[in-house]
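Beneath this line is the structure, given in structure tokens, with notes to follow.
The values are calculated or read from the model by the stated rules, or taken from the named source; none is laboratory data. Note that the coordinates shown come from a computational prediction; the quantities given were computed from them, not determined experimentally. As a convention, Cβ positions derive from the backbone with ideal geometry for all residues, glycine included, and neighbour counts pool all protein chains shown.
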Amino acid sequence: MSLLSVQDVRAGYGPLEVLHGISLEVQAGEIVVILGANGAGKTTTMRAVSGMIAREGRITYEGADITGTSAEKIVRLGIAQVPQGRGTFTELTVEDNLRAGAYVRSDSVEADLARWFEVFPRLAERRNQRAGSLSGGEQQMLAIARALMSRPKLLLCDEPSLGLAPLITQELFEVIKRLNADEGLSVLLVEQNANLAMKIAHRVYLLETGNVVASGTAAEIASDDSIRKAYLGA
Amino acid sequence: MWKIKEGSAPHWALRLLGVAVIFFAVIWIPTQMSTSRIGQFSDAFVLIIAAMSLNLVLGFTGMISIGHSAFFGVGGYTAAILIKDHGWSPGYTFYAAAVIAFVLGCLIALPALRIKGVYLALVTLAVAVLFPVLVKWKKLVWLTDGAKGIDSVRYDELPVWPIIGELKGRDGRAVFAYWLAFVILVVTYAVCRGVVKSRFGRSLVAIRDNETAAAVMGVNLTATKVLVFGISASLCSMAGVLSTLRTGVITPEGQYVTLLGSIVFLLIMVVGGAGTLWGPIVGGLVYVWLDNTTRGFGSDSEGVIGFLFGWADQSPATLILGVALVLIMFLAPYGLVGLIKRLWTKVVVVVPKPAGTSATSVAVTTADTPR
Amino acid sequence: MERFFQYVFDGLSFGAIYALLALGLVVVFRGTGHLNFAQGEMAMFCTFLTWQYHSWGVPLVLAILLGMATGFVMGAGAEVSLIRKVAKKSEAGVFVVSIALFLGLNSLAAMIWGNLPPEQMASLFPDEPDDFLRVFGAVWRYEYMGMLLVALVLMGLLFLLFSKTKFGLAMRSVASNPESARLVGIPTGTVLASSWGIAGAMGALAGTMFGATTGELTAGLMFTVFIYASASATLGGFDSPGGAVIAGLSIGVGEQLAAGYAPGWIGQELRLGVALVIIFVVLLFKPSGLFGSVKVQRV
């Protein structure tokens, strides 16, 4: 049974349908990457899974149907999203951002705080600073750490590399890869930056104007010449 | 459902029919109804004028104002002071009030250039509350007679108008006031219609819908906003002048001089249909009818004279209006006029001419879009 | 010199009431982005209800608490049933609806209680003519002192709620970024409703204490207080709770000083004018207020 299963999902904004029936799945312990150009529907896919927009079709998580579940409840089930553009609470301190991330938990969060400060030392340095005063890369780290505070089983990442220098992006992807390898965190990642993403992906989906046009393991996709030329810039 | 083409003969016939019905109703009223009823219609006209003026600023341009009662008051006081203390003839007070209110409106529009929404509402709130306070201010009592207001504003001769003939006495005054109010109403309607259907009117709607886009398309935001506010203030002050002429009295706690007046204008506009030409008319008639019918209801209350309210006698009409407003917001966001239009289109549909055939038809579709 | 202190003490006491109501405005604005135009009328209505509970035999303190609870329910109820639904359609609509609430509550209160003989709101504090303290030669009535103390305590509790509790964190998160708040599992609907509820409860307390100092209860009780509160929130910054408190107290003291030292120019009549001019000037020159952030165009 896959961890997350998306079947023939349609979603959009008002009268505009963006996803025309997509299907994908994430197995436990996998990093799955969705690639696609602007406007392909990557963010819409993320928001459909995390429950932020209305969707038709069928989405199951650990076997249970979450197609109609609200975003707040989906977080409690163990799915956490890092939104596009970071979405940090800019007026709150770094520490408060992290504590907010743990909202759904009722146990003590001190150990988790300590842990993420260790993984992201730059956040530790700035723990009492207003999140809005952090650099783009630091805010992205903060957003990821915040999502991880709820101890999710599935992490949704929406274009983490957006607006970041390549070195920072590499660092971030290293962290994600490590978390996946060491703890079995499953990740669904959407990206425009194919090269970096492919390096950590187990499987890849290609999204084009609301439809899945190709899928396979990272190796398969990378070695398919026609796909490479069309989407990955040779 | 009956489809007729815009501009065709049946269309014109329908329009003429409508005009004729209104024409005869308006003429019939003063000849057949009691003096007090005529007075009620005059009051309704005054209210409608004020609501129409607010509609220009709020309905069409999207600038929130709850300060129009101040313009109403300015008009009323200008007339009272000029007639009583300086012996002006009433006709000219309209012009004086219009000019003064226009300047005031432009001044008050200046903050509106930098702030929007809630904050603009607050500024206009301050204006509305400030007006009665200033009127009662010790330093201005020489001008305004303070809290007791100006009364006995009398003008002796009623001009003799064609057709209506000579009017005398109290009944004559009532009829005169009625016709005067109606004339001003028609003028106001004409001005509003002219503004709305002009290029200026389209820039107003553009500002309402998306200011940045409007600016990019070449609309001069500053000039437009200031101008429309000035015009709106002018028209509203006409209503104030009319009120003084009709009742002969103006006080700082008077009917539409306080914040409550602004609120009533707003509610009438929204209930009738904001952003439509007929909305304030329908809303005003409904409100006055409601007010008069419910005035005698058992649950009247005395002793409620809040500091700035002047609820001389409280009728449930305003409560009903408040409830109606909430219902309208949910059920009929385009107001009563929107409802009527929807029902009307089940009977008759005017098929518009294809776009581009004439400037007027394009103006009709954009400027009449209700909000 | 005694005169000065008199104005300061009175100003602080009434300023505390303005600050309480202003805090309500700020909490709602920070949480939901809306201005609750009916804040004063809700407070007035709950004050009448408190008086009603008391006259039915409920002990005063309990009646006041009950009134605050009613205020909470009223505020939260308004948000859930009216505001939330209209906000989806248009922001300007929310303002219009709150005006309708303003009018409706005012009319309703007048209709329900208007016919009664003039009634007084009982005071929590001793309020006989000789219940006062002499400080620096000025007279500080116990009931005014009490108002200031209770208001300060309530404001302190609110600050604690915001900064030290999980729910307060949730409220701050929603205020900062409602979308992200949903993404971390915060029940934004509950938070929004609670913002209005808290404002309602604070308004009820403000109205009750204020009502006890005035003569009789009328439907116009809280209108001027609302104006002062709006001026305070404007001056302090609509998204700054601390600013609202400081501004409220300042305006309270300021108007007393202005009215007291310039009786010819300002006197009792133009006291309100001071607040109105403040609104005008602040919005003209620094719309975000003294302590607020520059996010003025939320609508």
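Identify, from the list A:Q139, A:Q81, the residue that is buried (at least 21 other Cβ atoms within 10 Å of the Cβ), touching a helix residue (DSSP H, G or I) at 6+ places or on another chain (Cβ under 6 Å) and within 14 Å of chain C (Cβ to nearest Cβ).
On inspection, the qualifying residue turns out to be A:Q81.
Given the structure, is B:L321 at pLDDT 75 or above, over 29 Å from B:V135 (Cβ atoms) and buried (at least 20 other Cβ atoms within 10 Å of the Cβ)?
The answer is no for B:L321.
Please work out which residue is surrounded by the most Cβ atoms within 10 Å (Cβ to Cβ), limiting yourself to the range A:35-74 and to residues that are within 14 Å of chain C (Cβ to nearest Cβ) and hydroxyl-bearing (S, T, Y).
Per the stated criteria, the residue is A:S50.
Among the residues of the range C:185-240, what is the count of those that are small (G, A, S), surrounded by fewer than 24 Cβ atoms within 10 Å (Cβ to Cβ) and within 14 Å of chain B (Cβ to nearest Cβ)?
Residues that pass the stated criteria total 2.
Can you pull out the residues in the range C:265-282 that are within 7 Å of another protein chain (Cβ to nearest Cβ) and of a type in the set (G, A, S)?
Result: C:G267, C:G273.
Which number in (1) under 22 Å from B:G254 (Cβ atoms); (2) touching a Gly at 6+ places or on another chain (Cβ under 8 Å) marks the one condition that B:I64 misses?
Unmet for B:I64, out of (1) under 22 Å from B:G254 (Cβ atoms); (2) touching a Gly at 6+ places or on another chain (Cβ under 8 Å): (1).
Picking from A:R146, A:R130, which residue would you name as being under 17 Å from the mean Cα position of the chain (by Cα) and within 14 Å of another protein chain (Cβ to nearest Cβ)?
The unique qualifying residue is A:R146.
For the subset of the range C:244-264 comprising residues that are of a type in the set (G, A, S) and surrounded by 24 or more Cβ atoms within 10 Å (Cβ to Cβ), which member is farthest from the other protein chains (Cβ to nearest Cβ)?
Initial filter on the range C:244-264 (of a type in the set (G, A, S)): C:244, C:247-248, C:250, C:252, C:254, C:258-260, C:262, C:264.
Those left that are additionally surrounded by 24 or more Cβ atoms within 10 Å (Cβ to Cβ): C:244, C:247-248, C:252.
Numbers: C:A244: 14, C:A247: 14, C:G248: 16, C:G252: 17 Å.
Once the filter is applied, the top-ranked residue is C:G252.
What number of residues in the range B:103-134 are hydroxyl-bearing (S, T, Y) and at pLDDT 85 or above?
So the answer is 1.
Each row is one residue, and each column tells you yes or no for (1) over 15 Å from the mean Cα position of the chain (by Cα); (2) free of Cβ contacts under 8 Å to residues at least 40 places away in the same chain; (3) not in a helix (DSSP H, G or I).
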site: C:A229; (1), (2), (3): no, no, no
site: C:L235; (1), (2), (3): no, no, no
site: C:D239; (1), (2), (3): no, no, yes
site: C:A244; (1), (2), (3): no, no, no
site: C:Q256; (1), (2), (3): yes, no, no
site: C:G264; (1), (2), (3): yes, yes, yes
site: C:E269; (1), (2), (3): yes, yes, yes
site: C:G273; (1), (2), (3): yes, yes, no
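Just checking, how many residues over the range B:238-291 are among the polar types (S, T, N, Q), surrounded by fewer than 24 Cβ atoms within 10 Å (Cβ to Cβ) and outside any loop (DSSP other than H, G, I, E, B)? Steps first, answer last, please.
If we filter the range B:238-291 for residues that are among the polar types (S, T, N, Q), which is where we start, we get B:243-244, B:247, B:251, B:255, B:258, B:262, B:276.
Now drop any that are not surrounded by fewer than 24 Cβ atoms within 10 Å (Cβ to Cβ), which leaves B:247, B:255.
Imposing the further condition that a residue be outside any loop (DSSP other than H, G, I, E, B) reduces the set to B:247.
Counting residues in the range B:238-291 that are among the polar types (S, T, N, Q), surrounded by fewer than 24 Cβ atoms within 10 Å (Cβ to Cβ) and outside any loop (DSSP other than H, G, I, E, B) gives 1.
Cβ contacts < 7 Å: first residue buried (at least 24 other Cβ atoms within 10 Å of the Cβ), restricted to the range C:42-58; second residue in a helix (DSSP H, G or I) and of a type in the set (V, I, T), any location; separation 6+ or different chain. Result?
C:C46/C:T70; C:T47/C:T208; C:T50/C:I64; C:T50/C:T208
From C:S90, C:S81, which residue is within 14 Å of another protein chain (Cβ to nearest Cβ), more than 24 Å from B:G275 (Cα to Cα) and more than 21 Å from the chain's Cα centre (by Cα)?
One residue alone meets the criteria, C:S81.
Considering only the range C:31-43, how many residues are within 13 Å of chain B (Cβ to nearest Cβ) and over 9 Å from the mean Cα position of the chain (by Cα)?
Looking only at the range C:31-43, we keep the residues that are within 13 Å of chain B (Cβ to nearest Cβ), and these are C:32-41.
Imposing the further condition that a residue be over 9 Å from the mean Cα position of the chain (by Cα) reduces the set to C:32-38, C:41.
Final tally of qualifying residues: 8.
Of everything in the range B:318-355, what is free of Cβ contacts under 8 Å to residues at least 40 places away in the same chain, assigned to a helix (DSSP H, G or I) and facing another protein chain (nearest Cβ under 9 Å)? Give them in sequence order.
Those that are free of Cβ contacts under 8 Å to residues at least 40 places away in the same chain, assigned to a helix (DSSP H, G or I) and facing another protein chain (nearest Cβ under 9 Å): B:L319, B:I320, B:V323, B:V326, B:F330.
Determine whether the range C:98-109 contains at least one residue that is more than 22 Å from B:L319 (Cβ to Cβ) and at pLDDT below 90.
no
Which residues, taken from the range B:116-146, are in a helix (DSSP H, G or I), in contact with a Pro (Cβ under 7 Å, 6 or more places away or on another chain) and facing another protein chain (nearest Cβ under 7 Å)?
B:Y119, B:V123, listed by residue number.
For (1) at pLDDT below 90; (2) over 17 Å from C:L192 (Cα atoms); (3) among the small types (G, A, S), each residue gets a yes or a no:
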site	(1), (2), (3)
C:F4	yes, yes, no
C:V28	no, no, no
C:Q39	no, no, no
C:C46	no, yes, no
C:G71	no, no, yes
C:G93	yes, yes, yes
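Is it the case that some residue within the range C:154-163 is polar (S, T, N, Q) and within 11 Å of chain B (Cβ to nearest Cβ)?
Looking through the range C:154-163, none of the residues is polar (S, T, N, Q) and within 11 Å of chain B (Cβ to nearest Cβ).
Can C:L148 be described as within 14 Å of chain B (Cβ to nearest Cβ) and touching a residue at least 40 places away in the same chain (Cβ under 8 Å)? Reasoning before the result, please.
On the way: within 14 Å of chain B (Cβ to nearest Cβ): no; touching a residue at least 40 places away in the same chain (Cβ under 8 Å): yes.
No.
Can you name every residue in the range C:73-91 that is at pLDDT below 90 and surrounded by 21 or more Cβ atoms within 10 Å (Cβ to Cβ)?
Of everything in the range C:73-91, those that are at pLDDT below 90 and surrounded by 21 or more Cβ atoms within 10 Å (Cβ to Cβ) turn out to be C:I83, C:V86.
Going by the structure shown, is B:S69 modelled with pLDDT of 90 or more, part of a helix (DSSP H, G or I) and within 14 Å of chain C (Cβ to nearest Cβ)?
So B:S69 fits the description; yes.
Residues that are at pLDDT 85 or above, more than 19 Å from the chain's Cα centre (by Cα) and within 14 Å of chain C (Cβ to nearest Cβ): does the range B:72-91 have at least one?
No, the range B:72-91 contains no residue that is at pLDDT 85 or above, more than 19 Å from the chain's Cα centre (by Cα) and within 14 Å of chain C (Cβ to nearest Cβ).
Only one residue in B:T31, B:T78 is assigned to a helix (DSSP H, G or I), surrounded by fewer than 20 Cβ atoms within 10 Å (Cβ to Cβ) and either free of Cβ contacts under 8 Å to residues at least 12 places away in the same chain or in contact with a helix residue (DSSP H, G or I) (Cβ under 9 Å, 6 or more places away or on another chain) (or both). Which one? First the steps, then the outcome.
Working: B:T78 fails: surrounded by fewer than 20 Cβ atoms within 10 Å (Cβ to Cβ).
Result of the check over B:T31, B:T78: B:T31.
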